[in-house]
Amino acid sequence: MEKIADCAAIIAAAGSGTRMGGGMPKQFLELAGAPLFIHGLRAFAAVPEILRTVVVSKAEYLEATREILARHGFADTLVVNGGETRQDSVARGLAALSALPQNFALVAVHDGARPLVNPDLIRRCLAAATAHGAAIAAVPVKDTLKREQAAAPARPLVAATVAREGLWQAQTPQVARFSLLQEALSAAAAAGFSGTDEASLLERTGCSVALVPGSAANLKVTLPEDLALAAALLAATTPAGPAHKTQPPKDQTMPAPPVAAPAFPAGPRIGHGYDVHQLTAGRDLILAGVKIDHHLGLLGHSDADVVTHALCDAILGALGAGDIGRHFPDSDPQYRGIASLKLLARVIEQAHAAGYRLANADLTIIAQRPRLAPHHQAMRANLAAGCRVAPEQINLKATTTEGLGFAGREEGIAAHAIALLTPA
């Protein structure tokens with residue numbers, strides 16, 4: 001598979017959800033302790049190629065959306081005001097991304113009311129869009145379809161049976177090259193065309209859209225019974241408790257972490273992580289996601305962020321899920337040069353999928369030089385954001401070895417981390 005291009009994501013969460021009832025937009029309804037759109041956001045955060053995400057919300061819910069994002073560890077996520085239609089909302093999200101200094105080859109659009117999307121499906125859509133220009137998640141239509149009579153009486157009557165061969169039911173994410181979606185939205189606006197999804201806009205410009213097999217579990221919560229089904233499907237993927245015994249239908253691909261954590265009794269779990277990297281010339285020194293001015297950097301397959309690696313190992317240790325090398329091997333070219341904070345986001349996604357949250361973490365950096373105290377606040381903020389917790393839940397310390405050992409000789413930097421996970 002060719003290398004997946006860098007991507008941005010738009011979470012469409014500006015709908016009114018009138019069919020759900022209750023007066024609250026459905027994307028804000030809670031599922032397993034978090035609003036529906038947060039579940040989707042977690043899946044996108046676990047995909048390394050997603051560099052930036054924007055949530056499009058209703059004007060009257062903008063502040064509430066920001067508060068929810070901050071509470072769940074996504075305080076740096078962009079929030080923009082949506083439009084009258086989904087098409088308008090996506091255009092506003094795209095405009096916000098265009099204003100950023102970063103360049104994105106692809107953009108993915110996802111329904112805020114599809115909480116059970118998983119990172120694997122997202123990456124398959126990204127890969128297909130990288131190869132073809134555009135791609136959508138979809139499932140083949142299995143049921144027989146009927147078309148009703150145009151001038152039907154009070155009780156609709158069948159006019160014809162529609163052949164289901166070759167028909168697919170569209171889902172999200174829907175991914176396209178950034179420039180192609182911009183052009184499609186501009187063309188639709190100029191022609192006064194209103195599409196039901198991004199693929200319909202791309203199709204009318206002549207763009208080919210690849211179909212990526214999705215999952216029946218990637219349902220869109222529209223009616224009250226959909227929320228109950230989503231809760232049952234989510235419970236079926238939780239390793240602890242009776243729900244773990246529930247098996248989904250065989251034709252469903254359930255959300256799952258890259259390497260599943262074993263089942264164990266619910267309760268607090270503690271893990272320890274340790275990592276060391278060699279100092280060398282010609283490399284940036286990245287610690288806890290902060291680039292530090294120093295004449296030496298750390299050698300490694302990724303950005304060699306020894307602090308973040310230690311924290312990843314501590315969390316994986318608490319889950320009983322091995323170590324960072326098992327999940328992100330240095331033999332895999334997709335992790336070459338990757339920011340380790342992205343790996344941390346994927347580890348946290350695995351913890352959440354297992355039904356756990358980070359309660360607190362304590363880290364110690366062992367380095368003779370440079371002086372790290374001025375960077376502690378930024379480091380804590382980065383690690384907290386990656387773990388979706390408050391900075392107060394991350395403790396960070398640095399020490400020298402008084403010139404002793406490899407750290408004292410400035411041959412390398414090491415880090416220890418202890419993480420406490422508690423049931424969600």
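For the residues Thr130, Thr280, Thr144, a GNM of the chain with alpha-carbon springs under 10 Å puts the largest fluctuation on Thr144.
For the charge dipole of the chain, defined by +1 on Lys and Arg C-beta atoms and -1 on Asp and Glu C-beta atoms about the Cα centroid, which residue among Asn103, Ile122, Val158 has the Cα displaced farthest towards the positive pole? Of the candidates, Val158 comes out farthest on the positive side. Taking the Cα atoms only, what angle lies between the long axis of helix 224-236 and the longest principal axis of the chain, rounded to 10 degrees? Taking Cα atoms only, the helix is inclined about 40 degrees.
The length gained by stretching the chain between Trp168 and Asp330 to full extension, at 0.36 nm per residue less their Cα-Cα distance, is 54.5 nm. Annotation: the residues Glu198, Glu225, sorted from fewest to most other C-beta atoms within 10 Å of their own C-beta, follow the order Glu225, Glu198. Counted by Cβ distance under 14 Å from Leu372, the other residues give a net charge of +2, where Lys and Arg count +1 and Asp and Glu count -1. Taking the chain as the reference, fit the longest principal axis to its C-alpha atoms, fit the long axis of helix 62-71 to the helix C-alpha atoms, and give the angle between the two in degrees, 0 to 90, nearest 10. Taking the Cα atoms of the chain, the angle to 62-71 is about 40 degrees. Once the trypsin sites (Lys or Arg not before Pro) in DSSP loops with at most 14 neighbouring Cβ atoms within 10 Å are cut out of the chain, the longest remaining piece is 20-141. With a cut-off of 11 Å between beta carbons, the residues surrounding Val389 carry a summed charge of +3, where Lys and Arg count +1 and Asp and Glu -1. Here the gap between Ile270 and Ala64, fully extended at 0.36 nm per residue and compared with their Cα-Cα distance, gives a gain of 70.8 nm. Note on Asp284 and Val158: with the Förster distance fixed at 60 Å, the Cβ-Cβ geometry gives a FRET efficiency of about 0.35.
Where does the chain land at 222 nm, in deg cm²/dmol rounded to the nearest 500, when only DSSP H runs of n ≥ 4 count, each adding -39500 (n - 2.57), divided by all residues?
Working: 12 runs with 128 residues, N = 424.
Using -39500 (n - 2.57) per qualifying helix, the result is -9000 deg cm²/dmol.
Taking Asp284, Asp293, Asp88 as the candidate residues, the one with maximal mean-square fluctuation in a Gaussian network model of the chain, Cα springs under 10 Å, is Asp293.
Looking at this model, which pairs from Lys58/Lys342; Lys58/Lys220; Lys26/Lys342; Lys291/Lys397; Lys3/Lys220; Lys26/Lys220 are more than 21 angstrom apart at the alpha-carbon? Provide the component values of the computation, followed by the final result.
Values: Lys58/Lys342 29 Å; Lys58/Lys220 19 Å; Lys26/Lys342 29 Å; Lys291/Lys397 17 Å; Lys3/Lys220 30 Å; Lys26/Lys220 10 Å.
In this structure, Lys58/Lys342; Lys26/Lys342; Lys3/Lys220 exceed 21 Å between Cα atoms.
Any read-out appearing in this document is the output of simple, stated calculations on the displayed coordinates, not a laboratory observation. Please read these numbers as outputs of a predicted model, since none were measured by experiment. Here the Cβ is made from the backbone with ideal geometry for all residues, glycine too, and neighbour counts use every protein chain on show.
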